[in-house]
Structures are given as C-alpha cells and as structure tokens.
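Participant: Once you've had a glance at the structure underneath, I'll fire off some questions.
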Amino acid sequence: SYALTYKLLLDLVGVENVVVTGYLSGVPHAWNKVKIDGEWLHLDSTNNETNSGVPYMYYQTNDETAEENNLITDNEFWIDSEVAQFDGTSSKHDYYIVNGLEAKDASEVTKAMIKSLKENKTSGIVRLAEPNMFSNDVLMHSLADAINQVAPDKLSTAQLYQLGLYYIVELN
C-alpha cells in the first residue's frame, strides 16, 4: 500500500502522520494525513499522478477541498472523538493554491491554464475553487482562450479531460 509505505517513510524522518481510510469517488481507498504547521492535511501518494493523471491531486489539501473532490474519510477505524483531532482547514500549503493553479473565476481559469501550459509545454491543469462556479460554456471559452494564447496552432486538436474540479488540457 502506498499509504502505509508513505507512513513508514514519514515516521523514519519524524513527521507526524496517520493512514486514513475512506472512499475516492465511491471506491474504497487509503491515504495519509500529515501534520504540517500544527494542522492535519491530506496527502494521497497513490493518486498524486500515479493513477489519476492529475499531478498532486491531494497534496497538502485541507478537508473541504478533499471532500469537494470526492475524497471522503470514513470513521471505520476511529471513534468519533478521535476523528476531530485530525482536522485540516488551512489552504496555505495546498499545491494548487501555492502554485496559482486554482481558479475562483473565469479570468483566473484562463490565467492559471496559461501558466500551467507554459510550464509543462504539452499539457496544463487547473482546479476550480468550487463546483458549479459558472456554466460549461464560460469554462470552455476560458480554456480555449488559454490554449489560443499559448499554442494557437493546437486549439483544434487539444484534448480536455475533467476529474472532479480538475481540468486537464493536452496539446497534440
């Protein structure tokens, strides 16, 4: 298990962590919560690109963002009074926020995707701050605008993938 191996590695370097169980999009799953700056944040070594194709999908992610992206903790191995001691609410370490890849409006979608496409050359990724922020037409226009600014010759062949709040553009 990735989660147990990651726990072992963190234990060896003295970083507080626990293995968490629950569901990812309805499928049984295990991952870690790591104590960072006194707060417990999600870190999913299994799905940080290995299985999902979304880099750093859950990397120092708070509880709210994890739940919005269908990572649901169950209480099977914890009693209710114990679960609360692993709460995580801060976003200050979240990969997508730290790297300017989370968007709160349509203009931020375009800006974040341009940044990601320029850095990665062949693909880009952006995460929406919350579900159903705007219509699909507005989202597609923002993503197309980003592609057009970075690689206008790839606009007609670019592919778009979605996983929860994550949008991935691949330039072909």
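The values are calculated or read from the model by the stated rules, or taken from the named source; none is laboratory data. If you're wondering where the values come from, they're calculated on a predicted model, not measured in any experiment. Note that we place each Cβ from the backbone using ideal geometry, even for glycine, and neighbour counts take in every protein chain shown. Surface areas here come from the heavy atoms of the whole protein model, side chains and all, with no ligands, DNA or RNA. Shrake-Rupley method; radii C 1.70, N 1.55, O 1.52, S 1.80 Å.
Participant: Criterion first (more than 29 Å from TYR23 (Cα to Cα) and touching a Gly at 6+ places or on another chain (Cβ under 8 Å)) does LEU71 satisfy it?
Facilitator: No: the conditions fail for LEU71.
Participant: Could you tell me which numbered condition VAL54 fails, if it satisfies all but one of (1) closer than 29 Å to LEU117 by Cβ; (2) open to solvent by less than 60 Å² (accessible area, probe 1.4 Å); (3) modelled with pLDDT of 90 or more?
Facilitator: For VAL54, the failing item is (3).
Participant: When the residues of the stretch 78-99 are narrowed to those that are surrounded by 14 or more Cβ atoms within 10 Å (Cβ to Cβ) and either in contact with a Phe, Trp or Tyr (Cβ under 6 Å, 6 or more places away or on another chain) or modelled with pLDDT under 85 (or both), which ends up farthest from VAL18 (Cα to Cα)?
Facilitator: Ranking the qualifying residues of the stretch 78-99, first place goes to TYR95.
Participant: Criterion first (closer than 30 Å to PRO28 by Cβ and open to solvent by less than 40 Å² (accessible area, probe 1.4 Å)) does ASP74 satisfy it? Before the answer, list the steps.
Facilitator: Numbers: closer than 30 Å to PRO28 by Cβ: yes; open to solvent by less than 40 Å² (accessible area, probe 1.4 Å): yes.
Yes, satisfied.
Participant: Further, regarding this structure: Among the residues of the stretch 5-49, write down those that are out of contact with any helix residue (DSSP H, G or I) (no Cβ under 9 Å at 6 or more places or on another chain), over 20 Å from ASP87 (Cα atoms) and in contact (Cβ under 8 Å) with a residue 24 or more places away in the chain.
Facilitator: Scanning the stretch 5-49 gives THR5, SER25, GLY26.
Participant: Within the stretch 3-29, how many residues are among the small types (Gly, Ala, Ser), within 19 Å of THR73 (Cα to Cα) and open to solvent by 30 Å² or more (accessible area, probe 1.4 Å)?
Facilitator: Of the residues in that region, 2 qualify.
Participant: Could you go through the stretch 123-135 and let me know if any residue there is farther than 20 Å from ALA66 by Cα, open to solvent by 20 Å² or more (accessible area, probe 1.4 Å), modelled with pLDDT under 95 and under 17 Å from the mean Cα position of the chain (by Cα).
Facilitator: yes
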